[in-house]
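Note sheet for the following structure.
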There are 2 protein chains.
Amino acid sequence: MKVKQIRAIKATLDIVCGKWKAAILLVLVGKTLRFSEIKASLPKINHQTLIKQLKELERDGLLERTSYDEAPPRVEYTLTEYGEDLEELLTHMMSWGEKHLELKKQPLEEDEVIIDNFEEERVTSQ
Amino acid sequence: MKVKQIRAIKATLDIVCGKWKAAILLVLVGKTLRFSEIKASLPKINHQTLIKQLKELERDGLLERTSYDEAPPRVEYTLTEYGEDLEELLTHMMSWGEKHLELKKQPLEEDEVIIDNFEEERVTSQ
DNA sequence: CTCCTAGGTACATTAAAATATACTTCTTAC
DNA sequence: GTAAGAAGTATATTTTAATGTACCTAGGAG
């Protein structure tokens, strides 16, 4: 019985446990972004790593990659419906994790800032 | 804003993403087990790995280690209240992961069986 | 005395994930 | 014709995680 449980849990973890996976998914919730935009949102990610993790997320059916035949190239990424389903789980992880951060009261370290906080400026400057 | 979100999510993932962490936690839900019992539930885990992951889970406040001064030694592990809270999240991961397994219809591979299915026999043989 | 047990430690090795550096392609802008 | 930009590929290197093998301890059983 637990055999089946752990199998499903591991399936989830295998998808979401890459160093940048959660951040990529979070950045894509509710919008379509180009490769360069995702990269700009995640200023510290390595170029190769981003490519690899996007490929894995695509392979796992969480996002869709659309490539336009232009030069310079344009490639856009969106969450699939299935990927959007993950948002709820991410929210759940968030609330559990907040409790942990409170318990530990760890100060925020500089290199922990993984997502660029540019959302607001972006929206108002349009 | 997403900076805070991702930080909390990463806190959760950092705790739960070890190869055997979810299995260990799942096996401990609702009961206290000795080191050797945990190991028996996870027949394929490496000895060192189990020790290391238990230490990390203890450090992160998810479980409590009680050592009795006997020989041969006896050491018991239980989830803390905080660790028990995680059960709900694991359940959530499970239901999301089941959907994924259905989509992919991956056959169960032999070496994917990570938890020993000994629960029932155990209970009835007591 | 030697062996066995449980829960370790110490150290070496392998495998997997992430990072760094350089190169490619096509087209428009200078 | 040279440079710049987007989204890559290719390859090497570093970092981290997981494994494998051997050894330690105390007391009870033979």
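Restricted to the stretch B:46-80, and to residues that are within 11 Å of chain A (Cβ to nearest Cβ) and free of Cβ contacts under 8 Å to residues at least 40 places away in the same chain, which residue is nearest to DNA strand C (Cβ to nearest atom)? Don't jump to the end; show me each part of the working.
Keep residues of the stretch B:46-80 that are within 11 Å of chain A (Cβ to nearest Cβ), which gives B:59-62, B:80.
Adding the requirement that they be free of Cβ contacts under 8 Å to residues at least 40 places away in the same chain leaves B:59, B:61, B:80.
Values: B:Arg59: 13, B:Gly61: 17, B:Thr80: 16 Å.
So, considering only residues that are within 11 Å of chain A (Cβ to nearest Cβ) and free of Cβ contacts under 8 Å to residues at least 40 places away in the same chain, the one nearest to DNA strand C (Cβ to nearest atom) is B:Arg59.
Conditions: (1) more than 16 Å from DNA strand D (Cβ to nearest atom); (2) more than 28 Å from B:Glu102 (Cβ to Cβ). A:Asp85 meets all but one. Number of the miss?
It fails just one condition, (2).
Answer with yes or no whether B:Gly97 is more than 14 Å from DNA strand C (Cβ to nearest atom), within 14 Å of chain A (Cβ to nearest Cβ) and either in contact (Cβ under 8 Å) with a residue 24 or more places away in the chain or surrounded by fewer than 20 Cβ atoms within 10 Å (Cβ to Cβ) (or both).
no
Taking the stretch B:109-118 as the search range and keeping residues that are more than 7 Å from chain A (Cβ to nearest Cβ) and free of Cβ contacts under 8 Å to residues at least 40 places away in the same chain, which one is most open to solvent (accessible area, probe 1.4 Å)?
Filtering first and then ranking leaves B:Glu110.
Which of the residues spanning the stretch A:73-82 are within 9 Å of DNA strand D (Cβ to nearest atom) and either aliphatic (A, V, I, L, M) or touching a Lys or Arg at 6+ places or on another chain (Cβ under 7 Å) (or both)?
Those that are within 9 Å of DNA strand D (Cβ to nearest atom) and either aliphatic (A, V, I, L, M) or touching a Lys or Arg at 6+ places or on another chain (Cβ under 7 Å) (or both): A:Arg74, A:Val75, A:Glu76, A:Tyr77.
Taking the stretch B:21-45 as the search range and keeping residues that are of a type in the set (A, V, I, L, M, F, W, C) and outside any helix (DSSP H, G or I), which one is nearest to DNA strand C (Cβ to nearest atom)?
B:Leu33
Criterion first (among the acidic types (Asp, Glu), loosely packed, with under 15 Cβ neighbours inside 10 Å, within 12 Å of DNA strand D (Cβ to nearest atom) and not in a helix (DSSP H, G or I)) does A:Glu70 satisfy it?
Yes, satisfied.
Among (1) surrounded by 17 or more Cβ atoms within 10 Å (Cβ to Cβ); (2) more than 9 Å from chain A (Cβ to nearest Cβ); (3) part of a helix (DSSP H, G or I), where does B:Gly18 come up short?
Just one mismatch for B:Gly18, condition (3).
Tell me, yes or no, whether the stretch A:21-30 has at least one residue that is within 16 Å of DNA strand D (Cβ to nearest atom), over 19 Å from B:Lys19 (Cα atoms), away from chain B (no Cβ under 12 Å) and surrounded by 14 or more Cβ atoms within 10 Å (Cβ to Cβ).
No, the stretch A:21-30 has no match at all.
The values are calculated or read from the model by the stated rules, or taken from the named source; none is laboratory data. Quantities reported herein were computed from a predicted structural model and do not represent experimental measurements. No Cβ is skipped: glycine too gets one built from the backbone with ideal geometry, and neighbour counts run over all protein chains shown. Heavy atoms of the whole protein, side chains included, go into the accessibility calculation; ligands, DNA and RNA do not. Shrake-Rupley method; radii C 1.70, N 1.55, O 1.52, S 1.80 Å.
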